[in-house]
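S.K.: Got a structure for you, questions after.
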Amino acid sequence: MQQLLAAILTMIVGVLACAAYFWSTNFILDWIFPSKGLSGKAASRNLRITNAIRPWLFLAPALFALTIYLIYPVYQSVLLSFYDRAGVNFVGWSNYFWMVNDGEFRQSIFNNFLWLLVVPALSTFFGLIIAALTDRIWWGNIAKTLIFMPMAISFVGAAVIWKFIYDYRAEGAEQIGLLNAIVVALGGVPQAWITLPFWNNFFLMVILIWIQTGFAMVILSAALRGIPEETIEAAVIDGANGWQIFFKIMVPQIWGTIAVVWTTITILVLKVFDIVLAMTNGQWQSQVLANLMFDWMFRGGGDFGRGASIAVVIMILVVPIMIWNIRNAAKEMRSH
Amino acid sequence: MNPATRSPLMWAVHLSVLLIVALWTMPTAGLLISSLRDKDQLAVSGWWTALATSSRNAVARAPSPDSQVERDGKFVISGNILDGQAGQISAFGFSSREPAAFKAGETAELSGGEKLTVQADGSFEIVSDTRMEGSRGQRIFFTAAAPPRFTLDNYREVLRAEGIGASFINSLTVAVPSTVIPILVAAFAAYALAWMPFPGRAILIAVVVGLLVVPLQMSLIPLLKLYNGVGAFFGVPAKTYMGIWLAHTGFGLPLAIYLLRNYMAGLPREIMESARVDGASDFDIFVKIILPLSFPALASFAIFQFLWTWNDLLVAIVFLGTGQDQLVLTGRLVNLLGSRGGNWEILTASAFITIVVPLIVFFALQRYLVRGLLAGSVKGG
Amino acid sequence: MKRSFLMGVAALALVVGTADAAELKFKPGEDSKFNWASFEEFKKGHDLKGQTLTIFGPWRGEDEALFKSVYAYFVEATGVDLKYSSSENYEQQIVIDTQAGSPPDVAILPQPGLIADLASKGHLTPLGDETKQWLLDNYAAGQSWVDLSTYNGKDGKPALYAFPYKIDVKSLVWYVPENFEDAGYEVPKTMEELKALTDKIAADGEKPWCIGLGSGGATGWPATDWVEDLMLRTQPADVYDKWVKNEIPFTDPAVTGALDEFGWFARNDKFVDGGAAAVASTDFRDSPKGLFASPPKCYLHHQASFIPSFFPEGTVIGEDADFFYMPPYESKKELGNPVLGAGTLAMITKDTPAARAFIEFLKTPIAHEVWMAQTSFLTPYKSVNVETYGNPPLKKQGEILLNATTFRFDGSDLMPGKIGAGAFWTGMVDFVGGKSSADVASGVQKAWDAIK
C-alpha cells in the first residue's frame, strides 16, 4: 500500500514537473517580450524575438534527452569501434577489416537485405488493408483488437507461440507444430522449418510481420480517420466506387503516413534481434546484423570493439533513409 | 452506391477481414489454449487436439501392494486408473513393449501370475492367489478416449508467485510516466519541427530519423557509466525510477517525434493562420488547437510506448536493478521460469497475464482514434 | 528544490520494499547430522550489522529458493542486509554492470570463460593464498579446483579469483528401470556394452536414444556435453586440457574422433527418436519426455543431474526413472573413470568486508550441508557429512563424483565465450545436420583463430 502511494506520488510529481517546464518557460518568455498590449514597432520586434526563441524552448527537453540517451552513446560507439575487445587499446581500422573478411558478417548483410525487402512492405500492406477494411464494418474494433494482440504479447510469449507453429517431430510421430500438422494432413513430409537455410529467414520474418502489422494498422487507421469526411462525401457524390475512393482519394491523402510507417518498420528491421536470438540465435545461416552485434557485445565477456563496429554499420545503413527524409521535409517547407 | 452493389461488396469485406483476423489470431489462440493445458501434454500433442476428444496413451500406477485386501482367499488390489478424470478405456497392457495388448474388460496374466482386469470406465482389479510383494505398484498402460481437459493451474501458479503484486506496481510506476513524459516532450518538439520556421529544421528531422536506428544495447554501458557518475556526484543511488523514466523517454523520443511531427505537418494550415490573426501565440495555438487535434496520433503513440515500457525487461534490469523492490513484472515472471528457462506452461500463462494491461490501454485509447474529430473541429473552429 | 524533492520521493519508493525475512530451514543445533559447530564459530567471528551485501547469481525460480535457504544462515550469523538478484540475461548483465562501474559485491557465475574475461579486465578481486591453500586442503582433487579458479588478472599474472561452490555431474545416462525390465535390457558397465545395447534396442525395432539440442539461442549445447564426455573417455585428461585451451587445434584427430563417436549415436536415424533430423530442433527440455511415453519413444537419455526438473510431474527418481554413470571404454582402461561436471563459482566483484565474509561463509560445512540436505547440490568438500544428502539419487551422484579418477569441468564453459558458447554450439548443430566432423572442426578452429 505504502509503495502504491509512493509510486503514484512519484508519477504525479514527475509528470507535473515536465508540464510545469513548458508552461513556465513560455510564460516567462511572453512576460519578458510581451507582444500583446504593445503597439507597432515594439510589438513586432518582440514578436520576432519570441518567434526565434520559442522553437528552441519547445525543442530543448527533447534535444537534451536525445543528446544524452542517443547521440552520446553513438559517439561512444564510433569511438569504441576503433579500440580492442576491452575498449582499452587503439587498433585503428582493424575491426572493420576483420568484419569484411568475416563470413558470418557477410551472411548477416545478405539476410538483412532480405528482411528489409520483405518485412516493411508486407507489414505496411497488411496494416493498410486491415485499417481500411475494418473501418467499414460494425465489428471493426474487435477485429482491430485481435490484430493488435501480437504487439501486446511479451516477446518470451511470442517465442513460445511460434515454437508451437514451427515445431518439428519426425515423420510418423504426432506433430505438435501447427505448420507440420497441416503439411502432414495434406499428405506432405514434415520439415524442421527453422533449420532450412535461406528459407528459415522467411519463417522468422513471418513472426515480425505478424507483430508489426498491428503497429502499421493503428498508425494508418488514425491517419485514415483524419481524412476530412467532406472529401470522401464529395467522391461518393461523384459516383466513385469503393476501390476508387480507397486508391484515388484516401491513399494519396495519407501517403505521408504510409511513408512514415514504412520507414519506421524498415528501421526496426535493422534493429531486429530478439526474434532471431530466441528462435535460432543466427544458426542455420539465419544471422542478422543486430544479433551479430549483440553476440559480439556480450557473449563470454564481450568484444566491445567488434560489437561497436557492427553497430556503426547498422547506423550507416540508415543514411539513405535519412537523406530521403531531409528531401521530404525540405519539399514540405517549400510548399508551406 | 446503391444497396444492391453494396451488399456483395460488404460481404467480401466481412469475409476478408474474418480471414485475416483468423490468420492473425490463430497463433495467439494456440497460446491461450496451451496456457490452459496440463504441462505434460504441451510437449506431446498439438494444442488444436486439446479441443477435441482424443485418444491418448498413458501410464498409470496401481497402488502399492500395501493396499491389498484379502477377499475369498485371494489377494486383491483395486482402484481406478483414470483417477477421477473422465474418459473411456479402449485397451490396456502391463508391459511397455505391448501397451495395448488387451481390450477393455479382458483379463491379463501378469509375469508373477497375478490377473489384471481393466474395465472401460477405468476401474481395475489385480487378483492374486498369494500375497503380493514389493513396494511399487504395478504399471498399467492404457489407451483412453479423453474429452478435452483444461486446468487453471498454470495461472494459479503464476499469480501466487511471491512478490507479484509489488512487481505489478513497480511495472506501472515505470510504465505510466515513461509513456506520459515522452509524449509531452515529443509533442512540443514535433510542433516546433512541423510548424515553427527556424534554421536547421530539415537537418534536425533527419537526425531524429537517424537516431531511430541506434541499437539500444549499444547505449547501455555508456549510460550506466553516466548514471553511476551522476549518482556518486549527488550522493544518490544510480538506479532510480527517475533514471528509468528518463531512459525510456530518451529511447522512445525519436519515434514519438517522428510520428507526431508527421501527423501535425498534415494538419490544415488555415486553422493556425486564423488563430494567428486572432493574436494567439504559438504556445496558445499548440495547447488549444494542435494538441486536441493531434489526439489520434498521441493516443496511438501512447499505446505503443506503454506497450514497450510494460513489456521491457532489459532497460528495467539495467537501470532499475533486480532487487525485490525494483523488479518489474516481466522480470518476476522470467525468474519464475527457473535457472534453465523451461516451464512453457508458466510462459504461456504469464504471457496472458501481462497482455491484460496493454489491452486495457488499447481499449481505453481506441475511442480517441475516432473519425470526424478533425472534421468537426474544422467546422467548429 | 523540486529536484531534490523528486529524488527524495524516488528514494522513498525504493526503500519501501521490505527485505526478505530470514527463515532458517533447519533449526541450528537440532539435527545432529549438520555441522552446527561450524555455524556457531562463524557466527562468533563475524558481525556485519548495518552493512549490506549484494549478490548476483544465476539461480532463479526453485534454485533461487534453495540458495535463499542457504544465505539465510549467513544473514542470521552476521546480521548483514543481503540482497540477492538474478536475471534471465545474467551473462549480459554482469558485463554491463561491471563495465559501467556498478557491480554487485559478490557474483556467482557458472562460466569460467566469462570469469576469465572479467578477471582480465580487472573487475575481480583476488581471493588470496589462504583461500588457495584452503581449496587444496579441503576439496577432493583440490588441485583441479585451484586450477579451475585461477585466472590471469589485468596485469597478466595468474591469481585465485573464484571459489567453486555447487557442482553438477554431467556424465549421466537416464533411463526408466521398468522399461528395461519389460524389454530385458541390462544397465551397461562399459561403453562397448552401451553401444551393444544401442544396437540391440534398434534391432528390436525401438529407438534407443532421445537427443534434443534445441535451447533457443543456446541451441547445440547438449551436444557439446556429449563430445566432452566422449573426449574424456577416448583421450587422457591432459589432451582434454590442451583442447579447451586450443593448445591442440580443434581439427586434431583426438577431437574429430570424439565428434565421430557422438555422431555414431546421434547421426543414425535408427538410433534416435525422430531420426537424426529431429536432433537439432528438438528442445532439450522436451527430449527426455520420450522416456516416459507409452509406448516408450526411447530408452536412454544423456543429460546432467538437473534434468529431472523436466520429467513429467510426479516422477520419482530412483524408481520411476534412474540414471547410470556414462561408462568408460573397456578398451581404454587406463583412462579410469572420468567425470564431466559443471558448477558455479563465487567471486568478489566489489571488495567489501561483507563480500570477504561471504567467501569465508562458503568455507563452512554448513553452507554446503543446508543445500545438500534439500536437492540438486553436490560438493567436493571433504569435511561435510555425506549423510546430509537429501535423497538416495543425490547421494549416488555424490558417489560418482567421489569415485571419479578424473574430474573435468565442462569444456565449452572453459573455452572463450565466442567458441564455447558460440562456434562450438553452432558447429554441433551443423554436425548433426550432416556436415562432416572435419569440416565442423575446421569451422570452429577458424572462429577460434579469429579471436586470438
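The values are calculated or read from the model by the stated rules, or taken from the named source; none is laboratory data. What you see is a predicted model; the values in this text were computed from it and never measured. A quick note on method: Cβ atoms are made from the backbone with ideal geometry, for glycine too, and the neighbour counts reach across all protein chains shown.
S.K.: Is there any pair with a first residue in the range A:289-300 that is more than 8 Å from chain C (Cβ to nearest Cβ) and farther than 19 Å from C:Asp117 by Cα and a second that is assigned to a helix (DSSP H, G or I) and of a type in the set (Lys, Arg) whose Cβ atoms are under 8 Å apart and which are 6 or more apart or on different chains, and what are they?
M.R.: Listed pairs, sorted by first residue: A:Ala290/A:Lys271.
S.K.: Further question: Can you go through B:Ala349, B:Ala280 and tell me which one is among the hydrophobic types (A, V, I, L, M, F, W, C), over 12 Å from the mean Cα position of the chain (by Cα) and either surrounded by fewer than 23 Cβ atoms within 10 Å (Cβ to Cβ) or part of a helix (DSSP H, G or I) (or both)?
M.R.: None of the others qualify; the one that does is B:Ala280.
S.K.: Looking at the range B:90-112, which of its residues are small (Gly, Ala, Ser) and in a loop (DSSP other than H, G, I, E, B)?
M.R.: Within the range B:90-112, B:Ser96, B:Ala100, B:Ala101, B:Ala104, B:Gly105, B:Ser111, B:Gly112 qualify.
S.K.: With respect to A:Phe110, determine if the residue is of a type in the set (A, V, I, L, M, F, W, C), closer than 30 Å to A:Phe215 by Cα, within 14 Å of chain B (Cβ to nearest Cβ) and within 21 Å of the chain's Cα centre (by Cα). I'd like the intermediate steps shown before the answer.
M.R.: Working: of a type in the set (A, V, I, L, M, F, W, C): yes; closer than 30 Å to A:Phe215 by Cα: yes; within 14 Å of chain B (Cβ to nearest Cβ): no; within 21 Å of the chain's Cα centre (by Cα): yes.
Judged against the criteria, A:Phe110 is not a match.
S.K.: Still on this model: Could you list, in sequence order, all residues of the range C:414-452 that are at pLDDT 85 or above and touching a Lys or Arg at 6+ places or on another chain (Cβ under 7 Å)?
M.R.: Hits for the range C:414-452 are C:Val432, C:Ala447.
S.K.: Okay, next question. Test A:Leu277 against the criterion of being in contact (Cβ under 8 Å) with a residue 40 or more places away in the chain and among the aliphatic types (A, V, I, L, M), and give yes or no.
M.R.: For A:Leu277, the condition - in contact (Cβ under 8 Å) with a residue 40 or more places away in the chain and among the aliphatic types (A, V, I, L, M) - is not met.
S.K.: Restricting attention to the range C:420-443, and to residues there that are part of a helix (DSSP H, G or I) and more than 20 Å from C:Phe284 (Cβ to Cβ), which single residue is nearest to the other protein chains (Cβ to nearest Cβ)?
M.R.: Among those residues, the one meeting the criterion is C:Gly443.
S.K.: Further, regarding this structure: Can you tell me how many residues within the range C:265-286 are at pLDDT 90 or above and of a type in the set (Gly, Ala, Ser)?
M.R.: 1
S.K.: Let me ask you something else. Of these, B:Phe168, B:Phe141, B:Phe150, which one is aromatic (Phe, Trp, Tyr), within 11 Å of another protein chain (Cβ to nearest Cβ), under 30 Å from B:Gly46 (Cβ atoms) and in contact (Cβ under 8 Å) with a residue 24 or more places away in the chain? Steps first, please.
M.R.: On the way: B:Phe168 fails: under 30 Å from B:Gly46 (Cβ atoms); B:Phe150 fails: within 11 Å of another protein chain (Cβ to nearest Cβ).
That would be B:Phe141, the only listed residue that is aromatic (Phe, Trp, Tyr), within 11 Å of another protein chain (Cβ to nearest Cβ), under 30 Å from B:Gly46 (Cβ atoms) and in contact (Cβ under 8 Å) with a residue 24 or more places away in the chain.
S.K.: I'm checking my understanding of the structure. Among residues of the range B:305-344 that are within 9 Å of another protein chain (Cβ to nearest Cβ) and β-branched (Val, Ile, Thr), which one is nearest to the chain's Cα centre (by Cα)?
M.R.: The residue in question is B:Thr330.
S.K.: Do we have C:Val70 as in contact with a Leu (Cβ under 8 Å, 6 or more places away or on another chain) and in contact (Cβ under 8 Å) with a residue 60 or more places away in the chain here? Give the steps one after another, and end with the answer.
M.R.: On the way: in contact with a Leu (Cβ under 8 Å, 6 or more places away or on another chain): no; in contact (Cβ under 8 Å) with a residue 60 or more places away in the chain: yes.
In short, no.
Conditions tested, residue by residue: (1) assigned to a helix (DSSP H, G or I); (2) within 7 Å of chain A (Cβ to nearest Cβ); (3) among the polar types (S, T, N, Q); (4) in contact (Cβ under 8 Å) with a residue 24 or more places away in the chain.
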position: B:Ala238; (1), (2), (3), (4): no, no, no, no
position: B:Trp245; (1), (2), (3), (4): yes, yes, no, yes
position: B:Leu255; (1), (2), (3), (4): yes, yes, no, yes
position: B:Leu259; (1), (2), (3), (4): yes, yes, no, yes
position: B:Met264; (1), (2), (3), (4): yes, no, no, yes
position: B:Ile303; (1), (2), (3), (4): yes, yes, no, yes
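S.K.: Could you list, in sequence order, the residues of the range B:113-135 that are surrounded by 12 or more Cβ atoms within 10 Å (Cβ to Cβ), small (Gly, Ala, Ser) and not in a strand (DSSP E or B)?
M.R.: B:Ala120, B:Gly122
S.K.: Got a sec? Which of C:Lys435, C:Lys350 is touching a strand residue (DSSP E or B) at 6+ places or on another chain (Cβ under 9 Å) and surrounded by fewer than 20 Cβ atoms within 10 Å (Cβ to Cβ)? Spell out how you get there, then give the answer.
M.R.: Working: C:Lys435 fails: touching a strand residue (DSSP E or B) at 6+ places or on another chain (Cβ under 9 Å).
Residue meeting the stated conditions: C:Lys350.
S.K.: Would the range C:395-405 turn up any residue that is at pLDDT 90 or above and in contact with a Gly (Cβ under 6 Å, 6 or more places away or on another chain)?
M.R.: Looking through the range C:395-405, none of the residues is at pLDDT 90 or above and in contact with a Gly (Cβ under 6 Å, 6 or more places away or on another chain).
S.K.: Out of everything in the range B:219-236 that is among the hydrophobic types (A, V, I, L, M, F, W, C) and out of contact with any helix residue (DSSP H, G or I) (no Cβ under 6 Å at 6 or more places or on another chain), what residue ends up being farthest from the other protein chains (Cβ to nearest Cβ)?
M.R.: B:Phe233
S.K.: Considering only residues that are buried (at least 18 other Cβ atoms within 10 Å of the Cβ) and farther than 26 Å from C:Asp63 by Cβ, look in the range C:100-144 and name the one that is nearest to the other protein chains (Cβ to nearest Cβ).
M.R.: In this case the residue turns out to be C:Ala100.
S.K.: Kindly indicate which of C:Thr54, C:Thr98 is assigned to a helix (DSSP H, G or I) and among the hydroxyl-bearing types (Ser, Thr, Tyr).
M.R.: Result: C:Thr98 is the single residue among C:Thr54, C:Thr98 that is assigned to a helix (DSSP H, G or I) and among the hydroxyl-bearing types (Ser, Thr, Tyr).
S.K.: In addition: Quick one: B:Trp11 ticks every box in (1) buried (at least 16 other Cβ atoms within 10 Å of the Cβ); (2) part of a helix (DSSP H, G or I); (3) not aliphatic (A, V, I, L, M) except a single one, so which number is it?
M.R.: (1)
S.K.: Of the residues that sit in the range C:47-70 and are surrounded by 20 or more Cβ atoms within 10 Å (Cβ to Cβ), more than 11 Å from chain B (Cβ to nearest Cβ) and out of contact with any strand residue (DSSP E or B) (no Cβ under 6 Å at 6 or more places or on another chain), which one is modelled with the highest pLDDT?
M.R.: Step by step, filter the range C:47-70, then rank; the result is C:Val70.
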